[in-house]
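Worksheet: one structure, shown below.
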Amino acid sequence: MNKRLALVQWVDANTGNDDAVTDDTIDNYHKPTIVNTLGWIMKDDEAGITLVNEYYDQTFRGRTFIPRICVVTVTDFKLTKPPKDRAKKAPATNTTPSDAKS
């Protein structure tokens, strides 16, 4: 697979939750929300970015479309293999000689 893996930071509408609002609390919800989505970029053009977050058997799923005007940043990621386990050190022990005098 030669798709670009990236973290896209973007602005989304804030729907908040199902709490009732009042004149005093509306300011808590009257703003956009910053969202971070990690995935493989399927298409990146003037309309926006479409990315997916799952790949298997030549198939992609978990599609998200982000309108171009909502994109804040795009940060490329590279997948790497984890380092090989190093030999584990023996745990330190606190032992005192059994014939120690006080």
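Values quoted throughout were computed directly from the atomic coordinates according to the rules given, and no laboratory measurement underlies them. Not measured: the values here are computed from a predicted model. Every residue, glycine as well, gets a Cβ built from its backbone with ideal geometry; the counts of neighbours run over all protein chains shown.
Select from region 33-51 the residues that are among the polar types (S, T, N, Q) and closer than 12 Å to P67 by Cβ and list them in ascending order.
Passing the criteria: only T50.
Does K78 satisfy the criteria of being touching a residue at least 60 places away in the same chain (Cβ under 8 Å) and of a type outside the set (S, T, N, Q)?
For K78, the condition - touching a residue at least 60 places away in the same chain (Cβ under 8 Å) and of a type outside the set (S, T, N, Q) - is met.
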| task | Quick one: count up the residues across region 1-12 that are surrounded by 10 or more Cβ atoms within 10 Å (Cβ to Cβ) and without any contact (Cβ under 8 Å) to a residue 60 or more places away in the chain. | result | 2
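Could you tell me which of the residues I69, I49, I41 is over 26 Å from M1 (Cβ atoms) and either aliphatic (A, V, I, L, M) or in contact (Cβ under 8 Å) with a residue 60 or more places away in the chain (or both)?
Of I69, I49, I41, the one residue that is over 26 Å from M1 (Cβ atoms) and either aliphatic (A, V, I, L, M) or in contact (Cβ under 8 Å) with a residue 60 or more places away in the chain (or both) is I69.
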